[in-house]
Amino acid sequence: MEIIKTPLEGLLIIKPDVFEDERGYFFESYNRENFLAHGIDITFVQDNESKSKRDVLRGLHFQNPPFTQEKLVRVMSGSVLDVAVDIRKDSPTYGEWSSIVLSGQNKWMYWIPAGFAHGFLTLEDDTIFFYKCTRVYNKESEGSIRWNDPDLQIDWGVEDPVISPKDQVAPVFREFESRF
């Protein structure tokens, strides 16, 4: 397993060791001992999966303290542009974002620590997105930031994505008050 640090402290790209032959492939998507060896001490309590058609944008979502979630995300089939925004108010990279293409083909994962808003745009039909969470979903602590915020200027690469009514009315970053 290879772990690549991003410019945003704590946000990691994880490239698993994939073993392929004429039968197909095998890889460990999570092994607690391997993660511990890389300094990631986590316990997962909830798994989530979504299936979406092309150009569906979900996010930018997070859970506020004390119900923060850390996430290990990956794509089982299809592909996404995955985006994480630093919302830790004391961070030198507060308000900055990082993105990566995750796909069923590259099998990369993104470790998203607490204090990040997270979203993704599907790049193919029938994309299956999977994530492991360190806390269960808590509706009262959920928060979001507008996907097309003018200050963040995230380059999603699409003009008119399919968005939920809730995400369409999320607050802009300028009006957002971080609890992280």
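Step by step: first the residues of region 11-26, then only those that are acidic (D, E) and in a loop (DSSP other than H, G, I, E, B), then the one that is nearest to A117 (Cα to Cα). Which residue is that?
The first filter runs over region 11-26 and keeps only residues acidic (D, E), leaving 17, 20-22.
Next cut, in a loop (DSSP other than H, G, I, E, B) only: 17, 22.
Working: D17: 28, E22: 40 Å.
In this case the residue turns out to be D17.
Could you check region 60-98 and list, in sequence order, the residues that are of a type in the set (S, T, N, Q) and in contact with a Ser or Thr (Cβ under 9 Å, 6 or more places away or on another chain)? Don't jump to the end; show me each part of the working.
From region 60-98, those of a type in the set (S, T, N, Q) are 63-64, 68-69, 77, 79, 91, 93, 98; that's our starting set.
Scanning region 60-98 gives Q63, N64, T68, Q69, S77, S79, S98.
Considering each of D82, D125 in turn, give the residue that is on the phi < 0 side of the Ramachandran plot, acidic (D, E) and touching a Leu at 6+ places or on another chain (Cβ under 6 Å). Quick ask: steps written out before the conclusion?
Values: D125 fails: touching a Leu at 6+ places or on another chain (Cβ under 6 Å).
Going through D82, D125 in turn, just one is on the phi < 0 side of the Ramachandran plot, acidic (D, E) and touching a Leu at 6+ places or on another chain (Cβ under 6 Å): D82.
Taking region 126-180 only, how many residues are in contact with a strand residue (DSSP E or B) (Cβ under 6 Å, 6 or more places away or on another chain), of a type outside the set (A, V, I, L, M) and over 22 Å from T43 (Cβ atoms)?
Looking only at that region, the number is 6.
Does region 146-156 include one or more residues that are assigned to a strand (DSSP E or B) and touching a residue at least 40 places away in the same chain (Cβ under 8 Å)? Even if it seems obvious, please write down each step before you answer.
Going through region 146-156, the residues assigned to a strand (DSSP E or B) turn out to be none.
No, the conditions are met nowhere in region 146-156.
Which of (1) surrounded by 11 or more Cβ atoms within 10 Å (Cβ to Cβ); (2) in a strand (DSSP E or B) is the odd one out, the single condition L8 does not satisfy?
Status for L8: all satisfied but (2).
Got at least one residue in region 44-51 being acidic (D, E) and either surrounded by 13 or more Cβ atoms within 10 Å (Cβ to Cβ) or within 15 Å of R74 (Cβ to Cβ) (or both)?
yes
Look at F35 and say whether it is free of Cβ contacts under 8 Å to residues at least 12 places away in the same chain and either surrounded by 14 or more Cβ atoms within 10 Å (Cβ to Cβ) or in contact with a Gly (Cβ under 7 Å, 6 or more places away or on another chain) (or both).
Working: free of Cβ contacts under 8 Å to residues at least 12 places away in the same chain: yes; either surrounded by 14 or more Cβ atoms within 10 Å (Cβ to Cβ) or in contact with a Gly (Cβ under 7 Å, 6 or more places away or on another chain) (or both): yes.
Here the answer is yes, as F35 does meet what is asked.
Please enumerate the residues belonging to region 97-125 that are of a type outside the set (S, T, N, Q), farther than 22 Å from A170 by Cα and either part of a strand (DSSP E or B) or modelled with pLDDT under 95 (or both). Break it down stepwise before answering.
Residues of region 97-125 that are of a type outside the set (S, T, N, Q), as a first pass: 97, 100-102, 104, 107-121, 123-125.
With farther than 22 Å from A170 by Cα added as a condition, the list becomes 100-102, 104, 107-111, 123-125.
Within region 97-125, I100, V101, L102, M109, Y110, W111 meet the criteria.
Can you tell me which residue is farthest from I13 (Cα to Cα) among those in region 27-46 that are at pLDDT 95 or above and among the hydrophobic types (A, V, I, L, M, F, W, C)?
So the residue we want is V45.
Looking at (1) hydrophobic (A, V, I, L, M, F, W, C); (2) free of Cβ contacts under 8 Å to residues at least 60 places away in the same chain; (3) exposed (fewer than 13 other Cβ atoms within 10 Å of the Cβ), find the lone condition where M76 falls short.
In the conditions (1) hydrophobic (A, V, I, L, M, F, W, C); (2) free of Cβ contacts under 8 Å to residues at least 60 places away in the same chain; (3) exposed (fewer than 13 other Cβ atoms within 10 Å of the Cβ), M76 misses (3) alone.
I'd like to check something: does region 48-57 contain any residue that is within 21 Å of F173 (Cβ to Cβ), touching a residue at least 12 places away in the same chain (Cβ under 8 Å) and touching a Ser or Thr at 6+ places or on another chain (Cβ under 9 Å)?
Initially, region 48-57 is screened for residues within 21 Å of F173 (Cβ to Cβ), giving 57.
From what is left, the residues that are touching a residue at least 12 places away in the same chain (Cβ under 8 Å) are 57.
Among the residues that remain, those that are also touching a Ser or Thr at 6+ places or on another chain (Cβ under 9 Å) are: 57.
So far as region 48-57 goes, yes, one or more of its residues are within 21 Å of F173 (Cβ to Cβ), touching a residue at least 12 places away in the same chain (Cβ under 8 Å) and touching a Ser or Thr at 6+ places or on another chain (Cβ under 9 Å).
The values are calculated or read from the model by the stated rules, or taken from the named source; none is laboratory data. Just so you know, these numbers come straight off a predicted model, no measurement behind them. Neighbour counts are summed over all protein chains in view; Cβ atoms, including those assigned to glycine, are modelled from backbone coordinates with ideal geometry.
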